[in-house]
Amino acid sequence: MAAPLLELENLIVHFKTHRGWVHAVDNVSFTIGKGQTLGLVGESGCGKTTTAFSILQILPYNAHVKGGDVRLKGRSILRDSVKEDGTIDPFNENIRKVRWKEISMIFQGAMNAFNPVYKVGDQIAEAIRVHYPDMSEQEIWKRIEELYDLVGIPKDRIMNYPHEYSGGMKQRAIIAMALALNPSLIIADEPTTALDVITQDRILGEMKRIQEETKTAMLLITHDVSVVAELSDKMAVMYAGQIVEMGTTRQIFKETAHPYTEALLGAFPSIKGDKKKRLKAIPGSPPDLISPPRGCRFHPRCPYARERCLEDEPELIKVGDGHYSRCHYTEELFGAGQGGGA
Ligand code: SF4
């Protein structure tokens, strides 16, 4: 069987701080196939962005890889970069070949990523020149025109300055930049949060269309489950540095198997808007990852917590075909079948 496009296997990334180690990512595993979209959801500070930055190895200096691996098309892109003490060499040749060409990223707040004193087209052209030094100027500008066509910006706006674009247009231009080198995977970190809801909806529609056209896989990071529902084939729900539930988007919405996912879905309006429901805030706040709670990390906020949850850490257990949950009482609470360890 062919290897998945991207594979994270038991990835552990901690940050060294003067207060102690921050357990930002603890044993995170998932795969993304060619052309597939995985939605990584959870509250702020649950480790989503650190997971993404670990893939591209753009972590701060105090990050230490404590275990696990990241593979692209079956080949490790992490091992060569990890030094003996666990810190990362961000300039490792191995990952430099992968960044932008194979995996590109739309950063959170990326609308402000363009340099205000250069024209947008020039900035995209420069990114292409750096990675394809043999490409002619004619080919580069033809590529930029294709990209503008793809993201729906008129070509006569290529040589505008960033301030001459609306918010939605800037976001489209950022998507064009991310697609410029034909990557196999785009990591999109909260790609639409800075936009109003109407522009957000339009951009999400465009992203879906572009993805279908280009067959680019996507790791979509967001706290907004409705964004994920629109774009993702699969979902992974993160809480306090761990994946607590993973499955197809349908399974997560229709066969929810973890109390945190249930709470997260309950905090957002119905994605179809077809039935009125009372939104419920999740009580409490995510734990301090320097000393995460013993047992189940969700237990201080879980309405179903029992004595066992306070001491005994649950494992990610298979509850259906490709569906996993990290809860001792999944079967009892949600009727999901137990199918062995992940
Ligand atoms: Fe809640 Fe216990 Fe399940 Fe954790 S293991 S989610 S505390 S019921």
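Since every read-out is calculated from the coordinates, none of them should be taken as a lab result. Since the structure is predicted, the reported quantities are computational estimates derived from the model, not experimental observations. With ideal geometry, Cβ positions are generated from the backbone for all residues, glycine too; neighbour counts draw on all protein chains shown.
So the values come out like this:
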| quantity | calculated |
| --- | --- |
| Cα convex hull volume per residue for the chain (Å³) | 154 Å³ |
| Whole-Å semi-axes of the range 1-43's equivalent ellipsoid (Cα gyration tensor) | 28, 12, 6 |
| Computed magnitude of the charge dipole of the range 199-260 (debye, nearest 20; Cβ of K, R +1, Cβ of D, E -1) | 80 debye |
| Rounded to the nearest 20 debye, dipole of the range 175-284 from Cβ charges on Lys, Arg, Asp, Glu | 440 debye |
| Fewest-first ranking of 156, 189, 233, using other Cβ atoms within 10 Å as the exposure measure | 156, 233, 189 |
| Separation in nanometres of the label points that stand 7 Å from Cα toward Cβ, at residue 268 and residue 331 | 3.0 nm |
| Cα pair distances exceeding 20 angstrom across the range 63-146, given as percent | 52 percent |
| Exposure proxy ranking, count of Cβ atoms within 10 Å, fewest first, for 114, 334 | 334, 114 |
| Degrees between helix 120-131 axis and first principal axis of the chain (Cα, 0 to 90, nearest 10) | 80 degrees |
| Helix 137-151 vs. the chain, principal-axis angle (Cα, 0 to 90°, nearest 10) | 50 degrees |
| Dimensions in Å of the range 26-170 - Rg and Dmax from alpha carbons | 17.8, 51 |
| Spacing of the two label points (7 Å from each Cα toward its C-beta) at residue 157 and residue 280, in nm | 4.3 nm |
| Using alpha-carbon coordinates, inclination of helix 197-214 to the longest axis of the chain, degrees | 80 degrees |
| Residue-span extension gain [residue 80 to residue 253] - 0.36 nm each, minus C-alpha spacing | 58.4 nm |
| Potential extension, residue 139-residue 19 segment - 0.36 nm per residue separation minus Cα distance | 38.0 nm |
| Cα principal axis extents for the range 163-263, largest first, Å | 46, 28, 24 |
| Shape category assigned to the range 97-183 from the gyration tensor of Cα positions, a/c cut at 1.5 | oblate |
| Total charge dipole magnitude, the chain, about the Cα centre, Cβ charges on Lys, Arg, Asp, Glu only, Debye to nearest 20 | 380 debye |
| Residues 9, 190, 84, 164, sorted so that the one with the fewest Cβ neighbours within 10 Å comes first | 84, 164, 9, 190 |
